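Working notes for the structure below.
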Amino acid sequence: MKQIVIIDHELKELIPGFLANRQADIEIATNAVANKDYDTIRVTGHTLKGIGGGYGFDRITDFGAILELSGKLQDEVLAKHILAKLKQYLETIEIRYE
Amino acid sequence: MAILIIDDSSDSRLLIKSILVRRGFSDIMTAASAQEVYLLLEEEESKSKLSSIDLILMDVIMPDIDGIEACRYLKSNKYFQDIPIIMVTASTDIETLDRAFVAGAIDYIIKPVNQHELIARVNSALRIKRETDRRKAREAELVQVLEQLEAANRELKRLSSLDGLTGIANRRHFDEIYEIEWRRAVRKGYDLSIVFLDIDFFKLYNDTYGHQVGDECLKRVAGAVAAVLKRPGDSVARYGGEEFVVVLPDTGLEGAQQVAEQIRGAVEALGIPHRASKIAKHVTISVGLCCITPTVEDNPQELVKQADMALYEAKSSGRNCVKARLLASASNITPK
C-alpha cells in the first residue's frame, strides 16, 4: 500500500539524489550488519536520523534513530529489522509536492 | 552576508544551502570536512575569502576531525575568532552540547533541520556578527582618534614650551629643564652651570630701528646662541624680553666660561648694525654665568641669582664681556 509523503516543492530537484543516497545508506548498513560493524550501523543511523525530517521524510528520521540505537546496543536483530522497514518504506512511498 | 556550511553529508549541505538561498542568502560556501577548510587556510587566495565569512554552520559528527574539535581550532585562528559558529547536529545529549559551547559555538540547531528554526538562528547570529563588526570598527576609529589626540597633545606641549618669536624654549620650559638638570646634578654629583646673556642697549635698538627689526634681531641672536651649543643636553631659552639663559649640565666653570665666550663672540660676529649702542657699532651682549656642584642642601634659585648677578657685573664692567662666579656648595660665593 502506497504511503503518501508531502514534500516542499522547492526541494523537488534534490529528492532524486536524496533517495539514491538513502538506498546507498541501506546497503552500507546491511554490509555492516553482516560484518558486525556496529559503529558503522550507529553512524549510518545517526545520519538518517539527522537528514530525513529536513527533507520532509519524518519516518526516515525515526528509522534512523532506531538504527542508531541498534548500533549502540550492538543489537543485530533490531538492526536487520529496522533496515527491512526502511527498505519497504522507500519502496512504497508516493511523493506529492506542495 | 557570507555563510560557510561544514558537513560531511552532501544531503545536509544541499538542504541547508537550499533553505538559505530561498531566504535570500546568496553567498553560501560549503565544505565536506574540517580538513578541507584547514587546507584552504593555507592558501593565500582563499584566506581573504574565508576571512569575509560572517557565519559558520558546522556539523558535529564528522569523520577524522569532529565538529567540536574543528570549532575549537577555528576559534583559535585569527581569521575566524570573531565569526560565530552554530553547531548543527542530530546529537541531543547535554554533554555534546556543553562541549560545543566550551569550544566556542554560540548556538546549536538539532537535526533534522527545521527551516524556520534554521533561519531564525542564522538571522540572530548574523545580527550579533554585524554588531561585533560595528563595535570593532568603532574601536578602531577610537584608537585612531586617540592616537591623533595624543599626537596633537604632544605637539601642543611642544609648542607651549616654545617662545613664539624665536622658536627656542620659553621661560616656562626653562624652569622645567632647570629643575630636571638640577636634580640630576645633585643625584650624580655633576657640575651645573647657568649662563645669562642680555643684548646691550636693546631698548635703544628698538627705539632706533623699530620693534619689527628688534624682533628680527632677537631671532638672529637666539639662533646664534643655539648654534654654539653642541651637546644634546645643553639648552637655551628666552628668559624674558632681550634676555636669554643657557643651561649647561655637567659643565664646570672653565667649560662654561669657554661656551659663554663663544656665545658672546658669535653674537658679535653677526655684525648686526646698532648705531645707538654706546660701546660698538653693532649688536653686542653681556654675559654672566655661575657654576655649582649642587647637593641636596643647596637651593637651586641661588645659582640663578648668582648668574644674574654675574650678568649685572658684566653690564657694570662696560658690557660686551663675560663675568663668572663659582658657587661652592652651601653658599660659599667666590667671584672670579
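The values are calculated or read from the model by the stated rules, or taken from the named source; none is laboratory data. Every value quoted in this text rests on a predicted model; they were computed, and no experiment measured them. Glycine also receives a Cβ, built like all others from the backbone with ideal geometry; neighbour counts cover every protein chain displayed.
A few points about this structure:
- Within region B:279-313, being part of a loop (DSSP other than H, G, I, E, B) and touching a residue at least 40 places away in the same chain (Cβ under 8 Å) holds for B:279, B:280, B:283, B:284, B:293, B:294, B:295, B:296, B:298.
- Counting only helices (runs of 4 or more DSSP H) wholly contained in region B:161-278, the ones carrying 2 or more residues that are among the polar types (S, T, N, Q) occupy B:202-209, B:253-270.
- Qualifying residue in region A:61-68 (condition: within 9 Å of chain B (Cβ to nearest Cβ), aromatic (Phe, Trp, Tyr) and touching a Leu at 6+ places or on another chain (Cβ under 9 Å)): no
Residue-wise test of (1) buried (at least 19 other Cβ atoms within 10 Å of the Cβ); (2) within 35 Å of the chain's Cα centre (by Cα); (3) of a type outside the set (A, V, I, L, M); (4) modelled with pLDDT of 95 or more.
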site: B:118; (1), (2), (3), (4): yes, no, no, yes
site: B:137; (1), (2), (3), (4): no, yes, no, no
site: B:160; (1), (2), (3), (4): no, yes, yes, no
site: B:196; (1), (2), (3), (4): yes, yes, yes, yes
site: B:209; (1), (2), (3), (4): no, no, yes, yes
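- Residue that is touching a strand residue (DSSP E or B) at 6+ places or on another chain (Cβ under 8 Å), among the small types (Gly, Ala, Ser) and surrounded by 15 or more Cβ atoms within 10 Å (Cβ to Cβ), where the choices are B:266, B:224, B:256: B:256
- Residue that is farthest from residue A:22 (Cα to Cα) [pool: residues in region B:6-21 that are in contact (Cβ under 8 Å) with a residue 60 or more places away in the chain and of a type outside the set (A, V, I, L, M, F, W, C)]: B:7
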